[in-house]
Each structure stands twice: as structure tokens, then as C-alpha cells.
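A short reminder: the numbers here are calculations on the coordinates, not readings from a lab. Keep in mind that what you see is a predicted model, and the values were worked out from it rather than measured. All Cβ positions, even for glycine, are placed from backbone atoms using ideal geometry, and neighbour counts span all protein chains on display.
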């Protein structure tokens, strides 16, 4: 094991302990998150790990931001914002699988890292647009019918929330570009995250609010869409 690997393992262990003591993750979520983080590093290098960290930090902050207001409309996260193993896999499962593939097949690193960034761009967009859209949105619409609705129910969006989500995708695209170089990849990741976020809202309106699928499934498909869009754009 190299010195760099030892340092990364120390960072992952420290992050896991901090996440648990600050009540960001449940114990099972901590273990799952550490595994995802290890696969991000092995498959996507330091940049892959930083992308995961940026998503986690921004998502945790957005969940806590003005939680009282979100509670008032019954839209606050369950477990008081403490993410479970299921939620970790819903947002990071696709990236973890890709990280494992990249670890085993280092010759495909460029496409793997792009897809990882696309998946987390979609996850970041979804979390920021839903959590902050409820706070800063002015008018809310059902994404399928475009009829006005109250904030909170699945599939309800706002212009403000959608734009905030777009900023989230660009944040992930920026981290990727700093690590792997500026180019068309920035646009692809931004488009992938935006597409995944819209698909998430459609699934929420069409299936989740009817109880056909749960939120974790919706989030997993959201990240799969983000990764898939990046794959289609380079294939």
C-alpha cells in the first residue's frame, strides 16, 4: 500500500467518524459511505473522491438550511437530515459501481470518470433544487401538468429550484474540469445533471406520489440517467 493510499484511508476514516458524530449519517450510512468513497478513489482518483465530498457537503448543507421552514410544509428529510445506507446507495450506488469498474479496468478511466461526474451532477442537482427550491421558490408547478401546486409533493418544481439545481451540476462539472482538464466534458456533465434532475421530477410526479416506487429508487434512476447521458454523448 502506497503512502497516498494510507493518507486517503485516514481521510476516509476521519470523514466517517465526523459524519457520524455530527449526525450527518447513520452508522450504516457511514460504513456504506466509506465504501463508496474508497471506490471513488480507486476508480476516479483524488478528483473522484473530491466530487463525492462536494456532493455530500453541499447536500448536507442544503438539507439543514432553513429546516424549520421545510418542516412547516412537511417536507423536511426523514431522520432529521441524517442519511441512511439506503440513501447513500441511492445517490452514490451508480458511482460506486462505476468506480469498481474503473478500478478493475483502468484503460477505461476517462469515460468512467466522466460518467461518475454525470451521476453526481444529477444527484447534486436533485438535492439542491428540491431542498433550496422549497425555500427560495415563488411559484410551484406539477412538472407533468404544469398546474400550480403547493411545494413539497413529489414532482413539484419551481423555476428558482431548477436554476439552483443547474448551478449544482455546474459545481460538479467544475470540480471534474479542474481535475481532468477543461473542455467539452464540462458541458456534457452539466447537461447530464440537468437531464437527470428533470427525469427525477417526472418520476416523482408520475410514479412516486402514487406509491409505485420509493424515493430511493427515484434517486438511483436519477443518477443512472446522469451517468447514461454522459456515456451516450461520448459513445
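Miscellaneous remarks
- Checklist (1) farther than 29 Å from residue 38 by Cβ; (2) in a helix (DSSP H, G or I); (3) without any contact (Cβ under 8 Å) to a residue 24 or more places away in the chain applied to residue 221, failing item: (1)
- Among the residues of the range 158-169, those that are surrounded by 18 or more Cβ atoms within 10 Å (Cβ to Cβ) and closer than 17 Å to residue 52 by Cα comprise 165, 168, 169.
- Only residues that are within 17 Å of the chain's Cα centre (by Cα) and not in a helix (DSSP H, G or I) were counted across the range 206-218, and they come to 1.
- Helices (runs of 4 or more DSSP H) contained in the range 36-140 and holding at least 2 residues within 17 Å of the chain's Cα centre (by Cα) and more than 18 Å from residue 170 (Cβ to Cβ): 85-104
- Between 191, 203, the distinction of being surrounded by fewer than 21 Cβ atoms within 10 Å (Cβ to Cβ) and either over 13 Å from the mean Cα position of the chain (by Cα) or not in a helix (DSSP H, G or I) (or both) belongs to 191 only.
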